[in-house]
Amino acid sequence: DRQTLLAVLQFLRRSNLRESEEILRREARLLGDDLGAAALSPAGAGALGGPDGDAGSIVGEALLSRVTAAPAIAIGGSVATVASSSPGLAAVAAVPPGKGGARAGSAGSFRLSDKLLFYANAFAVGGGVVVEDQPDVSAVLSAYNQQGDPTLYEEYYSGLKHFIECSLDCHRAELSQLFYPLFVHMYLELVYNQHESEAKSFFERFHGDQECYYQDDLRVLSSLTKKEHMKGNETMLDFRTSKFVLRISRDSYQLLKRHLQEKQNNQIWNIVQEHLYIDIFDGMPRSKQQIDAMVGSLAGEAKREANKAKVFFGLLKEPEFDVPLDDEDEEGENEEGKPKKKKPKKDSVGSKSKKQDPNAPPQNRIPLPELKDSDKLDKVMNMKEAAKRVRLGPECLPSICFYTFLNAYQGLTAVDITDDSSMIVGGFADSTVRVWSLTPKKLRSVKTAADLSLIDKESDDVLERIMDEKTASELKILYGHSGPVYGTSFSPDRNYLLSCSEDGTVRLWSLQTFTCLVGYKGHNYPVWDTQFSPYGYYFVSGGHDRVARLWATDHYQPLRIFAGHLADVTSTRFHPNSNYIATGSADRTVRLWDVLNGNCVRIFTGHKGPIHSLAFSPNGRFLATGATDGRVLLWDIGHGLMVGELKGHTDTVYALRFSRDGEILASGSMDNTVRLWDAVKAFEDLETDDFTTATGHINLPENSQDLLLGTYMTKSTPVVHLHFTRRNLLLAAGAYSSQ
């Protein structure tokens, strides 16, 4: 509201932040000084006292309570993340903040001018002043106006290149990270200011020097040759509005700063200050190999601050109930006939230990559905199966059963298998969803209402009687989508099935009647992936609109919208305790979101291509991710660190799955192979001391071949899905492609 706005304006003026004040005034359409201090109430003015540096007294309580209501706060920490998170905010956040040496220094500390910008942001959004769907392109691009002499750009860049290449080895690797973001911004600046021939020659001269993993981005960039092209280009706008993050040691940074100031190379210094966020750490500079492992995403690395929040990665306590023993078990255990609590000898395999995991979230942190009787029966079955589970390891690899979809000329685009391995579903490019039974038991629908009224509800086999034998078949086809089906997921209780499609909807199907119950409309563009929570009820979807949405089956609107990725959300996964969701994106980052408040609690960078598969380890501590670069990366969730890199696949990794006890990681790829990796060895004796966590000095083994336990080729079938049965048999699926 106006009162709040005036309070902020007056504070900006008092702090000598004239530029920010002007911008906020323009955005809020408040012109002229006549609206200045006069309109402020005494309470409003009083609340703004206090020294400049004191963040606490920046804005009075009343203002703060209003600010927190604004959506901007929920999205991310600093201005840079706000800017990248939501297109509507870009116009405000692209303000060039106060220039000068202090701007890029002491990274990691949240500066006052940032804070104000951030508040300005929150007000502009909360007050309903900036109401725009698209980012205000002219505002975003106008930062490119203060230009130097176009003919000198090549000289500036080659001067810096020469300086970096001649610096000491230890600094060279770190400073080389500057090449790419500077190249892009200088090129865009030339294009924006309509020096087309200079831009073209600049691009041709230096684009070959960039790292190979930026090739795709450079291809997009090379097509932007006129100012008009920049208007609608999303990649371009992202690059402009989100600061590119570089992690550099203090020594390397001082070296760079000295060089640029001596040379009076203002053009480059301006770009460094305005468009880059330099995250400075104290300590040894990182080696080329350490940097290469972590960089490659659209917006550079994650800030260290982004991975500091506490994450409850432990598992929830299993509910306790009695498990009657089978006859065969009784003989084995040598019991008199009374049922007893099942306590298998192999405790680690059977029932989960009963004490609360210290890293687990509180049991009631998010509301989870009550266990029905059928769920309890299923848990009992699960425990019995678990007792017969094969202990896997390097000496004992799983058998693999491969389901090949033959003659799938409809185009297989998604697969899922129920937890008890009784059904398999395929999503197809012809917009159908097909469900098969994997057991001799055929799929049957419930009888019609008229027939159901004749059944004796009290009989013991009422659940059998309600099924209609006439409908029994091995395959059911579900029609309803109007575009290719890109994701499918069974509910844990096997009563429901989710499918998401290019048509922008997620559909919930009943597996009792094989009909569609609900169509969830929220995404306006293709939905690439969807998955049920391990406890049922909740599910997540991610799509081309760059956000992931959390839904509950009985709400037709999403409960949470997770915004922050700079490109399509290509894959989604629930953490085993259902309190967190991992999303992989075409911006080449993986984010972990807190279901409770919608915050992003982890950002993992390191992949060099869009991410297509995610898998949490059964104990909830680790995450494996696979992408188009053919690498599988392993992450420690608690410390927010990369702890492993599995190289071997030569094409996109589309499927990842840990065995039931977490000893083995299976990966399936478009290169027609399934590979098995030793997960125990990959995660043992990890270096997660404070120094590593603070600076990201990760030491990955040179080659991952000693972790590779086996490679299994198919004739010509890309692997789309992997699943470990309750007894640790590995099921794989894909469609035969006749090359």
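Tabulated data for the structure shown
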quantity	calculated
Residue count for the range 625-662, restricted to those that are open to solvent by 20 Å² or more (accessible area, probe 1.4 Å) and over 24 Å from Asp594 (Cα atoms)	11
Candidate set from the range 506-533 (those that are aliphatic (A, V, I, L, M) and within 24 Å of the chain's Cα centre (by Cα)); member that is farthest from Ile466 (Cα to Cα)	Val527
Residues satisfying the stated conditions in the range 561-580, i.e. within 18 Å of Trp528 (Cβ to Cβ) and in a strand (DSSP E or B)	Ile561, Phe562, Ala563, Val569, Thr570, Ser571, Thr572, Arg573, Phe574
Residue that is surrounded by the fewest Cβ atoms within 10 Å (Cβ to Cβ) [pool: residues in the range 435-458 that are in contact (Cβ under 8 Å) with a residue 24 or more places away in the chain and polar (S, T, N, Q)]	Ser437
Condition met for Thr583 (over 23 Å from Ala302 (Cα atoms) and either open to solvent by less than 10 Å² (accessible area, probe 1.4 Å) or outside any strand (DSSP E or B) (or both))	no
Selection status of Gln273, among the polar types (S, T, N, Q) and open to solvent by less than 20 Å² (accessible area, probe 1.4 Å)	yes
Selection count where residues are within 17 Å of Phe239 (Cα to Cα) and open to solvent by less than 10 Å² (accessible area, probe 1.4 Å), scope the range 181-219	12
First in the range 461-477 and over 11 Å from Leu443 (Cα atoms), second anywhere and surrounded by fewer than 11 Cβ atoms within 10 Å (Cβ to Cβ), Cβ under 7 Å, 6 or more apart	Arg465/Ser459
Some residue of the range 233-246 being open to solvent by 20 Å² or more (accessible area, probe 1.4 Å), touching a strand residue (DSSP E or B) at 6+ places or on another chain (Cβ under 8 Å) and farther than 30 Å from Val569 by Cα	no
Some residue of the range 403-417 being among the charged types (D, E, K, R), buried (at least 20 other Cβ atoms within 10 Å of the Cβ) and in contact (Cβ under 8 Å) with a residue 60 or more places away in the chain	yes
Residue within the range 486-493 that is in the same structural domain as Trp593 (by the TED database), open to solvent by 50 Å² or more (accessible area, probe 1.4 Å) and touching a Cys at 6+ places or on another chain (Cβ under 9 Å) present	yes
Which numbered condition Ser252 misses (of (1) open to solvent by 10 Å² or more (accessible area, probe 1.4 Å); (2) part of a helix (DSSP H, G or I); (3) among the polar types (S, T, N, Q))	(1)
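For every residue, the table says whether it meets (1) exposed (fewer than 13 other Cβ atoms within 10 Å of the Cβ); (2) in contact with a Leu (Cβ under 8 Å, 6 or more places away or on another chain); (3) of a type in the set (Ser, Thr, Tyr); (4) modelled with pLDDT under 55.
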residue	(1), (2), (3), (4)
Asp329	no, no, no, yes
Lys341	yes, no, no, yes
Pro344	no, no, no, yes
Val349	no, no, no, yes
Gln363	yes, yes, no, no
Glu370	yes, no, no, no
Val380	no, no, no, no
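The values are calculated or read from the model by the stated rules, or taken from the named source; none is laboratory data. Computed from a predicted structure; not experimentally measured. Glycine also receives a Cβ, built like all others from the backbone with ideal geometry; neighbour counts cover every protein chain displayed. With ligands, DNA and RNA removed, areas are computed over all heavy atoms of the protein, side chains included. Shrake-Rupley method; radii C 1.70, N 1.55, O 1.52, S 1.80 Å.
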